[in-house]
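What follows is a single structure, written as structure tokens, with notes after it.
Every number here is computed from the coordinates shown, using simple stated rules; none is lab data. Predicted model, so just to flag it, every value in this text is computed and none were measured. Reconstructed Cβ throughout: ideal geometry from the backbone, glycine too, with neighbour counts over all protein chains shown.
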Amino acid sequence: MLSTAFSSFAAVVDTVWVKSASMHKDVQVITVTPDAASGKNSTACPVIYLLHGYGGHAGTWMNIKPELPQIADKKGIIFVCPDGKNSWYWDSPRDTSYRYETFVSSELTTYVDSHYKTIPDRQHRAITGLSMGGHGAMWNAIRHHDIFGAAGTTSGGVDIRPFPKNWKMALQLGEYESNRQVWDEHTVINQTDRIKDGDLAIIIDCGEGDFFLTVNKNLHDRLLERHISHDFITRPGEHNGQYWANSIDYQILFFEKFFKR
């Protein structure tokens, strides 16, 4: 594991390379550790995992929200931002070099709990993301609600099937027309039968001008049908950094309240 670190305010922003045994490679991860979780008199802190969107990287969330170190210090929260490539955070059924579900929900959480002053339980572990990362956050949390207690998605691609030609998803799942069952099995909206009310604290938001608005409303409706409690927010905005820099504040507040239950 190689790492570089620099101080920003009192929090520490650290770039580490985390070994993935499942993918036989090291994965770049940026962590933001509050002052409270550092040093001799440190206290254990909850963790929020932040997943980037398609075309992004480990540094995406720091670029969108450069105030993360200040937020970490103010709220006593550790932020973890992995590089998920363009994986959609699945374990791809076609490409064994893309096992990002295993990485995020097993390898990364184990690494973070063993290298940082965390509270290592699901009550103090949340995950969210933007766009592709919103899909990835909900995918991992629903399928691993023994690991994550809270989950969010902002502008998330929570149903991939209306977009069969986009974002190179076919490279991991096969062409939609001849692999519809695989696509059905790898979309978040069809995972909701894995949870019951109370299994996850869930927050969903999407801008009114976002091309993912309809699929987010559909996920909201599906959760209502299953009587699964969740927060659902739409507000003016499009699929861009300006929207995410604002929306993440509300999601962090939601997770902070969850941690304090």
Using Cα springs under 10 Å in a Gaussian network model of the chain, which residue among Ser20, Ser178, Ser114 shows the largest mean-square fluctuation? Ser178
Spatially close lysines, pair count over the chain: Cα under 22 Å, gap of eight or more or interchain: 25
Please tell me the relative contact order of the stretch 147-221 in percent, rounded to the nearest whole number, where contacts are Cα pairs under 8 Å and at least six residues apart. 50
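Under a Cβ-only charge scheme (Lys and Arg +1, Asp and Glu -1), can you give me the dipole magnitude of the stretch 152-258 about the Cα centre, in debye to the nearest 20?
Dipole of the stretch 152-258, to the nearest 20 debye: 140 debye.
How high is the FRET efficiency from Leu171 to Asn41, r the C-beta distance, R0 35 Å, rounded to 0.05? Numbers along the way, then the final one.
Working: r = 49 Å, r/R0 = 1.40.
Taking R0 as 35 Å, the efficiency between Leu171 and Asn41 is 0.10.
Can you tell me the relative contact order of the chain? Whole percent, Cα pairs under 8 Å, sequence separation 6 or more.
Numbers: 558 pairs, mean separation 40.5, N = 261.
Over the chain, the number comes to 16 percent.
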Just how large is the dipole of the chain about the Cα centre, in debye to the nearest 20, putting +1 at every Lys and Arg Cβ and -1 at every Asp and Glu Cβ? 340
Highest-MSF residue in the chain out of Leu68, Leu171, Leu108 [GNM, Cα springs under 10 Å]: Leu171
What residue among Thr109, Thr96, Thr192 shows peak mean-square fluctuation when the chain is described by a Gaussian network model with Cα springs under 10 Å? Thr96
Considering only DSSP states other than H, G, I, E and B, which trypsin sites (Lys or Arg not before Pro) in the stretch 41-129 qualify as loop sites with at most 15 other Cβ atoms within 10 Å? Arg94
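With charges set only on the Cβ (+1 for Lys and Arg, -1 for Asp and Glu), what does the dipole of the stretch 107-176 come to about its Cα centre, in debye to the nearest 20?
Values: 7 positive and 6 negative charges, 32 e Å.
Computed about the Cα centre, the dipole is about 160 debye.
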Over what distance in Å are the Cα centres of the stretch 150-184 and the stretch 209-261 separated? 19
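Find the relative contact order for the stretch 125-179 and round it to a whole percent, using C-alpha pairs within less than 8 Å whose residues are 6+ positions apart. List each step's numbers first, then the result.
Details: 72 pairs, mean separation 18.4, N = 55.
After rounding, I find 34 percent.
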